[in-house]
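The values are calculated or read from the model by the stated rules, or taken from the named source; none is laboratory data. Only a predicted model underlies this, so the values are computations on that prediction, with no experimental measurement involved. All Cβ positions, even for glycine, are placed from backbone atoms using ideal geometry, and neighbour counts span all protein chains on display. Keep in mind that these areas ignore ligands, DNA and RNA; they rest on the heavy atoms of the full protein, side chains included. Shrake-Rupley method; radii C 1.70, N 1.55, O 1.52, S 1.80 Å.
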Amino acid sequence: MQKEVVVSGIRPTGFLHLGNYFGAMRNYVRMQNDYDCYFFVANWHSLTTHPDTSELKNAVHRVIAENIACGLDPEKVALYVQSDVPEIAELYLYLNMLAYKGELEKTATFKDKVRLQPENVNAGLLTYPVLMAADVIIQRAVKVPVGKDQEQHLEMARNFVDRFNHRYGDVLPLPYAFNYGSELIRIMSLDGNGKMSKSENQMATIYLADDDESIRKKIMKAKTDQGPAEPNSVKPDYIQNLFTLMEQVSSADTYAKFNADFNASSAGNCVIRYGDMKKQLAEDMAQFIRPIREKAADIQANKDQLHRLIAQGAEKARARASETLKMVRDAVGLNY
Ligand code: TYM
(Lines give C-alpha, C1' and ligand atoms only; values in the text may rest on other atoms or scores of the structure.)
Protein backbone atom coordinates (compact mmCIF):
# COMPACT_ATOMS: atom_id res chain seq x y z
CA MET A 1 0.00 0.00 0.00
CA GLN A 2 1.21 3.50 -0.79
CA LYS A 3 2.13 5.56 2.25
CA GLU A 4 0.39 8.87 2.88
CA VAL A 5 2.48 11.94 2.11
CA VAL A 6 3.57 14.37 4.82
CA VAL A 7 5.11 17.83 4.43
CA SER A 8 6.29 20.36 6.98
CA GLY A 9 8.73 23.27 7.14
CA ILE A 10 10.62 25.46 9.58
CA ARG A 11 11.82 29.02 8.94
CA PRO A 12 15.56 29.59 9.50
CA THR A 13 14.95 32.83 11.39
CA GLY A 14 16.80 32.00 14.61
CA PHE A 15 17.69 29.17 16.95
CA LEU A 16 15.13 26.36 17.21
CA HIS A 17 13.40 26.07 20.57
CA LEU A 18 11.14 23.78 22.60
CA GLY A 19 8.04 25.08 20.80
CA ASN A 20 9.47 23.95 17.47
CA TYR A 21 10.49 20.64 18.99
CA PHE A 22 7.27 19.70 20.79
CA GLY A 23 4.97 21.40 18.27
CA ALA A 24 6.56 19.98 15.15
CA MET A 25 9.89 18.12 15.11
CA ARG A 26 8.92 15.42 17.58
CA ASN A 27 6.07 14.49 15.27
CA TYR A 28 8.39 14.49 12.24
CA VAL A 29 10.59 11.91 13.94
CA ARG A 30 7.65 9.66 14.76
CA MET A 31 6.10 10.03 11.32
CA GLN A 32 9.21 9.12 9.34
CA ASN A 33 8.59 5.38 9.75
CA ASP A 34 4.94 5.35 8.76
CA TYR A 35 4.65 8.03 6.08
CA ASP A 36 6.36 9.29 2.95
CA CYS A 37 7.92 12.40 4.51
CA TYR A 38 9.13 15.72 3.07
CA PHE A 39 10.64 18.17 5.57
CA PHE A 40 12.26 21.41 4.56
CA VAL A 41 13.86 24.68 5.63
CA ALA A 42 11.56 27.54 4.62
CA ASN A 43 14.25 30.05 3.60
CA TRP A 44 12.01 31.90 1.10
CA HIS A 45 9.48 32.49 3.87
CA SER A 46 12.18 33.95 6.09
CA LEU A 47 12.85 36.68 3.49
CA THR A 48 9.42 38.21 4.21
CA THR A 49 10.86 39.74 7.39
CA HIS A 50 14.08 40.98 5.70
CA PRO A 51 16.64 39.09 7.80
CA ASP A 52 20.38 39.71 7.59
CA THR A 53 21.06 37.31 4.70
CA SER A 54 24.75 36.96 5.59
CA GLU A 55 23.49 34.85 8.54
CA LEU A 56 21.04 32.83 6.48
CA LYS A 57 23.36 30.10 5.27
CA ASN A 58 24.46 29.31 8.79
CA ALA A 59 20.87 29.31 10.00
CA VAL A 60 19.79 26.94 7.21
CA HIS A 61 22.64 24.57 8.08
CA ARG A 62 21.68 24.73 11.75
CA VAL A 63 18.03 23.85 11.07
CA ILE A 64 19.12 20.85 8.96
CA ALA A 65 21.62 19.76 11.64
CA GLU A 66 19.14 20.17 14.50
CA ASN A 67 16.50 18.16 12.66
CA ILE A 68 18.93 15.29 12.19
CA ALA A 69 20.14 15.60 15.79
CA CYS A 70 16.52 15.28 16.96
CA GLY A 71 16.26 11.95 15.19
CA LEU A 72 15.31 12.59 11.54
CA ASP A 73 17.02 10.15 9.22
CA PRO A 74 17.87 11.92 5.93
CA GLU A 75 18.01 8.53 4.22
CA LYS A 76 14.37 7.84 5.16
CA VAL A 77 12.87 11.30 4.55
CA ALA A 78 13.46 14.04 2.02
CA LEU A 79 15.19 16.78 4.04
CA TYR A 80 15.70 19.82 1.82
CA VAL A 81 15.88 23.57 1.43
CA GLN A 82 12.82 25.31 -0.06
CA SER A 83 14.77 27.42 -2.56
CA ASP A 84 16.32 24.25 -4.04
CA VAL A 85 12.85 23.29 -5.32
CA PRO A 86 11.90 25.96 -7.92
CA GLU A 87 8.70 24.00 -8.74
CA ILE A 88 7.27 25.51 -5.52
CA ALA A 89 7.64 29.03 -6.92
CA GLU A 90 5.73 28.17 -10.09
CA LEU A 91 2.88 26.57 -8.15
CA TYR A 92 2.83 29.65 -5.88
CA LEU A 93 2.21 31.75 -9.00
CA TYR A 94 -0.85 29.70 -10.01
CA LEU A 95 -2.25 29.65 -6.47
CA ASN A 96 -1.87 33.42 -6.18
CA MET A 97 -4.58 33.74 -8.84
CA LEU A 98 -6.93 31.87 -6.49
CA ALA A 99 -6.15 33.80 -3.29
CA TYR A 100 -8.07 36.98 -2.49
CA LYS A 101 -6.68 40.14 -0.96
CA GLY A 102 -9.49 40.30 1.63
CA GLU A 103 -8.84 36.85 3.07
CA LEU A 104 -5.07 37.35 3.05
CA GLU A 105 -5.41 40.61 4.95
CA LYS A 106 -7.52 38.87 7.58
CA THR A 107 -4.89 36.19 8.35
CA ALA A 108 -3.84 36.37 12.02
CA THR A 109 -0.11 36.07 11.30
CA PHE A 110 -0.33 38.87 8.70
CA LYS A 111 -2.10 41.16 11.14
CA ASP A 112 0.60 40.40 13.76
CA LYS A 113 3.36 41.25 11.32
CA VAL A 114 1.67 44.49 10.27
CA ARG A 115 1.70 45.44 13.94
CA LEU A 116 5.32 44.36 14.46
CA GLN A 117 6.86 45.75 11.26
CA PRO A 118 4.60 48.52 9.91
CA GLU A 119 7.49 49.81 7.76
CA ASN A 120 7.74 46.52 5.86
CA VAL A 121 4.29 45.29 4.84
CA ASN A 122 5.45 43.68 1.59
CA ALA A 123 3.49 41.52 -0.88
CA GLY A 124 5.45 38.42 0.17
CA LEU A 125 4.17 38.87 3.69
CA LEU A 126 0.60 39.21 2.43
CA THR A 127 0.87 36.06 0.31
CA TYR A 128 2.81 34.08 2.94
CA PRO A 129 -0.06 31.55 3.30
CA VAL A 130 -0.10 31.04 -0.48
CA LEU A 131 3.58 30.13 -0.56
CA MET A 132 2.99 27.82 2.39
CA ALA A 133 0.11 26.16 0.54
CA ALA A 134 2.42 25.69 -2.47
CA ASP A 135 5.03 24.00 -0.22
CA VAL A 136 2.43 21.48 0.88
CA ILE A 137 0.55 20.98 -2.37
CA ILE A 138 3.68 20.55 -4.48
CA GLN A 139 4.16 17.17 -2.77
CA ARG A 140 0.39 16.44 -2.75
CA ALA A 141 0.62 16.05 1.03
CA VAL A 142 -2.39 15.15 3.16
CA LYS A 143 -0.87 15.50 6.65
CA VAL A 144 1.08 18.51 7.88
CA PRO A 145 2.60 18.21 11.38
CA VAL A 146 2.61 21.75 12.83
CA GLY A 147 1.97 23.62 16.05
CA LYS A 148 -1.29 25.37 16.84
CA ASP A 149 -0.06 28.70 15.40
CA GLN A 150 -0.09 27.28 11.85
CA GLU A 151 -3.65 25.91 11.91
CA GLN A 152 -5.20 28.86 10.08
CA HIS A 153 -2.61 28.59 7.28
CA LEU A 154 -3.67 25.00 6.69
CA GLU A 155 -7.31 25.99 6.54
CA MET A 156 -6.39 28.52 3.87
CA ALA A 157 -4.41 25.88 1.96
CA ARG A 158 -7.55 23.73 1.86
CA ASN A 159 -9.53 26.67 0.48
CA PHE A 160 -6.96 27.17 -2.30
CA VAL A 161 -7.06 23.45 -3.13
CA ASP A 162 -10.87 23.50 -3.22
CA ARG A 163 -10.86 26.46 -5.59
CA PHE A 164 -8.20 24.87 -7.79
CA ASN A 165 -10.10 21.60 -8.04
CA HIS A 166 -13.37 23.38 -8.66
CA ARG A 167 -11.91 25.41 -11.48
CA TYR A 168 -9.53 22.93 -13.11
CA GLY A 169 -10.73 19.42 -12.18
CA ASP A 170 -10.17 17.13 -9.22
CA VAL A 171 -6.37 17.10 -9.17
CA LEU A 172 -5.08 17.97 -5.71
CA PRO A 173 -5.69 16.31 -2.30
CA LEU A 174 -6.73 18.34 0.77
CA PRO A 175 -4.03 18.84 3.42
CA TYR A 176 -4.74 18.78 7.18
CA ALA A 177 -2.73 19.94 10.20
CA PHE A 178 -1.58 16.94 12.23
CA ASN A 179 -0.44 16.04 15.73
CA TYR A 180 -0.25 12.60 17.35
CA GLY A 181 -2.23 13.83 20.34
CA SER A 182 -5.83 14.95 20.05
CA GLU A 183 -4.91 18.64 19.78
CA LEU A 184 -2.24 20.75 18.17
CA ILE A 185 0.44 21.86 20.63
CA ARG A 186 1.23 25.37 21.82
CA ILE A 187 4.25 25.79 24.09
CA MET A 188 4.12 29.09 25.96
CA SER A 189 6.97 31.43 26.69
CA LEU A 190 8.38 30.85 30.21
CA ASP A 191 7.43 34.41 31.22
CA GLY A 192 3.79 33.57 30.53
CA ASN A 193 3.57 36.08 27.64
CA GLY A 194 2.23 34.33 24.54
CA LYS A 195 3.84 31.48 22.63
CA MET A 196 7.48 30.54 22.81
CA SER A 197 9.06 32.00 19.67
CA LYS A 198 12.42 32.45 17.96
CA SER A 199 12.35 36.22 18.19
CA GLU A 200 10.69 37.17 21.50
CA ASN A 201 12.17 37.20 25.04
CA GLN A 202 15.29 35.01 24.80
CA MET A 203 15.45 34.48 28.57
CA ALA A 204 11.98 32.92 28.41
CA THR A 205 12.77 30.68 25.43
CA ILE A 206 14.71 27.44 25.71
CA TYR A 207 16.74 26.74 22.59
CA LEU A 208 17.97 23.34 21.48
CA ALA A 209 21.45 24.95 21.39
CA ASP A 210 21.31 26.20 25.02
CA ASP A 211 23.97 24.91 27.43
CA ASP A 212 23.00 23.25 30.74
CA GLU A 213 23.58 26.41 32.77
CA SER A 214 21.33 28.59 30.58
CA ILE A 215 18.60 25.96 30.69
CA ARG A 216 18.75 25.90 34.51
CA LYS A 217 18.73 29.68 34.77
CA LYS A 218 15.80 30.11 32.40
CA ILE A 219 13.64 27.45 34.02
CA MET A 220 14.34 28.73 37.54
CA LYS A 221 13.13 32.17 36.36
CA ALA A 222 9.91 30.82 34.81
CA LYS A 223 6.75 32.52 35.99
CA THR A 224 4.86 30.84 38.87
CA ASP A 225 2.60 32.14 41.64
CA GLN A 226 1.74 31.50 45.30
CA GLY A 227 -0.07 28.24 44.46
CA PRO A 228 -3.70 27.20 43.95
CA ALA A 229 -6.45 28.57 46.18
CA GLU A 230 -8.42 25.32 46.22
CA PRO A 231 -7.72 21.59 45.76
CA ASN A 232 -8.00 20.33 42.15
CA SER A 233 -7.91 23.85 40.70
CA VAL A 234 -7.63 24.51 36.99
CA LYS A 235 -3.97 25.32 36.30
CA PRO A 236 -3.18 28.84 35.10
CA ASP A 237 -1.68 28.59 31.59
CA TYR A 238 1.92 29.40 32.67
CA ILE A 239 1.75 26.63 35.31
CA GLN A 240 0.14 24.23 32.83
CA ASN A 241 3.05 25.00 30.49
CA LEU A 242 5.57 23.81 33.11
CA PHE A 243 3.56 20.63 33.60
CA THR A 244 3.36 20.11 29.83
CA LEU A 245 7.15 20.39 29.59
CA MET A 246 7.60 18.11 32.59
CA GLU A 247 5.32 15.53 31.03
CA GLN A 248 7.58 15.50 27.97
CA VAL A 249 11.00 15.27 29.58
CA SER A 250 10.61 13.88 33.13
CA SER A 251 9.65 10.40 34.28
CA ALA A 252 5.95 9.54 34.65
CA ASP A 253 6.46 9.20 38.44
CA THR A 254 7.97 12.65 38.74
CA TYR A 255 5.14 14.20 36.77
CA ALA A 256 2.53 12.30 38.81
CA LYS A 257 4.09 13.43 42.10
CA PHE A 258 4.06 17.15 41.26
CA ASN A 259 0.62 16.88 39.73
CA ALA A 260 -0.71 15.22 42.90
CA ASP A 261 1.00 17.95 44.99
CA PHE A 262 -0.72 20.61 42.90
CA ASN A 263 -4.13 18.95 43.25
CA ALA A 264 -3.71 18.57 47.01
CA SER A 265 -2.81 22.26 47.48
CA SER A 266 -5.08 25.05 48.65
CA ALA A 267 -4.71 28.51 50.20
CA GLY A 268 -2.91 28.08 53.54
CA ASN A 269 -1.91 24.51 52.64
CA CYS A 270 0.45 24.75 49.69
CA VAL A 271 1.82 21.25 49.12
CA ILE A 272 3.29 22.00 45.71
CA ARG A 273 6.77 23.59 45.84
CA TYR A 274 7.27 25.32 42.53
CA GLY A 275 10.97 25.88 43.36
CA ASP A 276 11.49 22.11 43.69
CA MET A 277 9.42 21.44 40.61
CA LYS A 278 11.49 23.86 38.53
CA LYS A 279 14.76 22.42 39.86
CA GLN A 280 13.67 18.94 38.82
CA LEU A 281 12.40 20.15 35.45
CA ALA A 282 15.66 22.04 34.84
CA GLU A 283 17.74 18.90 35.46
CA ASP A 284 15.54 16.72 33.28
CA MET A 285 15.43 19.34 30.53
CA ALA A 286 19.22 19.78 30.56
CA GLN A 287 19.60 16.02 30.23
CA PHE A 288 17.07 15.94 27.41
CA ILE A 289 18.67 18.74 25.39
CA ARG A 290 22.36 17.88 25.92
CA PRO A 291 22.62 15.03 23.35
CA ILE A 292 20.64 17.03 20.77
CA ARG A 293 22.92 20.07 21.20
CA GLU A 294 26.09 18.00 20.98
CA LYS A 295 25.01 15.99 17.96
CA ALA A 296 23.77 19.12 16.13
CA ALA A 297 27.12 20.86 16.69
CA ASP A 298 28.98 17.86 15.20
CA ILE A 299 26.74 17.71 12.15
CA GLN A 300 26.97 21.45 11.60
CA ALA A 301 30.75 21.33 11.65
CA ASN A 302 30.84 18.73 8.85
CA LYS A 303 30.12 20.94 5.83
CA ASP A 304 30.86 18.28 3.20
CA GLN A 305 28.30 15.94 4.71
CA LEU A 306 25.77 18.80 5.01
CA HIS A 307 26.18 19.75 1.35
CA ARG A 308 25.77 16.14 0.28
CA LEU A 309 22.62 15.68 2.39
CA ILE A 310 21.07 18.94 1.17
CA ALA A 311 21.69 17.99 -2.48
CA GLN A 312 20.23 14.53 -1.89
CA GLY A 313 17.15 16.05 -0.22
CA ALA A 314 16.59 18.46 -3.12
CA GLU A 315 16.75 15.61 -5.60
CA LYS A 316 14.11 13.59 -3.72
CA ALA A 317 11.86 16.62 -3.29
CA ARG A 318 12.10 17.69 -6.92
CA ALA A 319 11.20 14.26 -8.23
CA ARG A 320 7.69 14.39 -6.78
CA ALA A 321 7.37 18.17 -7.18
CA SER A 322 7.92 17.98 -10.93
CA GLU A 323 5.23 15.27 -11.21
CA THR A 324 2.77 17.56 -9.42
CA LEU A 325 3.69 20.53 -11.57
CA LYS A 326 3.04 18.51 -14.71
CA MET A 327 -0.42 17.54 -13.37
CA VAL A 328 -1.11 21.17 -12.50
CA ARG A 329 0.03 22.53 -15.87
CA ASP A 330 -2.07 19.92 -17.66
CA ALA A 331 -5.12 20.77 -15.55
CA VAL A 332 -4.75 24.52 -16.12
CA GLY A 333 -4.15 23.88 -19.81
CA LEU A 334 -0.57 25.13 -20.01
CA ASN A 335 0.69 22.39 -22.32
CA TYR A 336 1.34 23.74 -25.80
P1 TYM B 1 8.04 28.28 12.27
O2 TYM B 1 9.39 28.29 11.67
O3 TYM B 1 7.59 29.50 12.98
O4 TYM B 1 7.90 27.07 13.27
C5 TYM B 1 8.22 25.74 12.89
C6 TYM B 1 7.26 24.76 13.54
O7 TYM B 1 7.28 24.91 14.96
C8 TYM B 1 5.94 25.11 15.45
N9 TYM B 1 5.99 26.04 16.61
C10 TYM B 1 5.37 25.81 17.76
N11 TYM B 1 4.60 24.80 18.20
C12 TYM B 1 4.13 24.86 19.47
N13 TYM B 1 4.41 25.88 20.33
C14 TYM B 1 5.18 26.92 19.94
N15 TYM B 1 5.46 27.90 20.80
C16 TYM B 1 5.69 26.92 18.60
N17 TYM B 1 6.48 27.78 17.89
C18 TYM B 1 6.64 27.23 16.68
C19 TYM B 1 5.19 25.75 14.28
O20 TYM B 1 3.81 25.54 14.40
C21 TYM B 1 5.80 25.01 13.10
O22 TYM B 1 5.16 23.77 12.92
N23 TYM B 1 5.00 29.01 8.35
C24 TYM B 1 5.80 28.01 9.04
C25 TYM B 1 6.84 27.37 8.16
C26 TYM B 1 6.30 26.75 6.92
C27 TYM B 1 5.53 25.56 6.84
C28 TYM B 1 5.26 25.38 5.45
C29 TYM B 1 5.04 24.66 7.78
C30 TYM B 1 6.48 27.21 5.68
N31 TYM B 1 5.87 26.40 4.78
C32 TYM B 1 4.52 24.28 5.00
C33 TYM B 1 4.28 23.57 7.32
C34 TYM B 1 4.04 23.38 5.95
C35 TYM B 1 6.51 28.70 10.19
O36 TYM B 1 6.75 29.88 10.17
O37 TYM B 1 6.96 27.86 11.16
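For a straight C-alpha distance cut-off of 20 angstrom, the aspartates and glutamates reachable from K278 (same-chain residues fewer than eight places away being disregarded) are D191, D210, D211, D212, E213, D225, D237, E247, D253, D261.
Consider all pairwise Cα distances in the chain and report the whole-number % of them above 33 Å. Looking at the chain, the distances longer than 33 Å represent 32 percent of pairs. As a calculated quantity, the FRET efficiency between D162 and N120 at R0 = 41 Å, using C-beta atoms, amounts to about 0.85. Comparing segment 1-58 with the 2.2 N^0.38 Å rule of thumb, its C-alpha radius of gyration ratio is 1.33 (two decimals). When the charge dipole of the chain is built from unit charges on Cβ atoms (+1 for Lys and Arg, -1 for Asp and Glu) and taken about the Cα centre, the candidate among F40, M220, H166 whose Cα reaches farthest toward its positive end is H166. Bridging of K143 to lysines at a Cα separation below 20 Å is possible for K3, K76, K316, once same-chain residues fewer than 8 apart are set aside. Packing order of peptides 16-27, 56-67, highest average first: 16-27, 56-67 (average count of other Cβ atoms within 10 Å over each peptide's residues). Loop-located GluC sites (Glu not before Pro) in segment 134-188 (DSSP state other than H, G, I, E, B) with a sparse environment of at most 14 neighbouring Cβ atoms within 10 Å: E183.
Apolar share of the accessible surface for segment 169-222: 47 percent from carbon plus sulfur atoms, 1.4 Å probe.
Neighbours of V41, meaning other residues whose beta-carbon lies under 14 angstrom from its beta-carbon, give a summed charge of 0 when Lys and Arg score +1 and Asp and Glu score -1. The residues of segment 210-296 expose, per residue, 51 Å² of accessible area to a 1.4 Å probe. Close amide H partners of H17, meaning residues 5 or more places away or on another chain with modelled amide H under 5 Å apart, are L208. The separation of segment 54-80 from segment 150-173, counted between C-alpha centres, amounts to 28 Å. When peptides 323-335, 282-294 are sorted by average Cβ neighbour count within 10 Å, with the highest value leading, the order is 282-294, 323-335.
If you model segment 210-296 as an ellipsoid using its alpha carbon gyration tensor, with each semi-axis the square root of five times an eigenvalue, the axes come out at 26, 12, 10 Å, biggest first. Reducing segment 1-35 and segment 255-281 to their Cα centroids gives an inter-centroid distance of 33 Å.
Rounded to the nearest whole Hz, the Karplus-based 3J(HN,Hα) values (6.51 cos²θ - 1.76 cosθ + 1.60, θ = phi - 60°) of segment 196-207 follow the sequence 5, 8, 5, 10, 8, 3, 5, 6, 10, 10, 9, 9, with x at glycine and proline.
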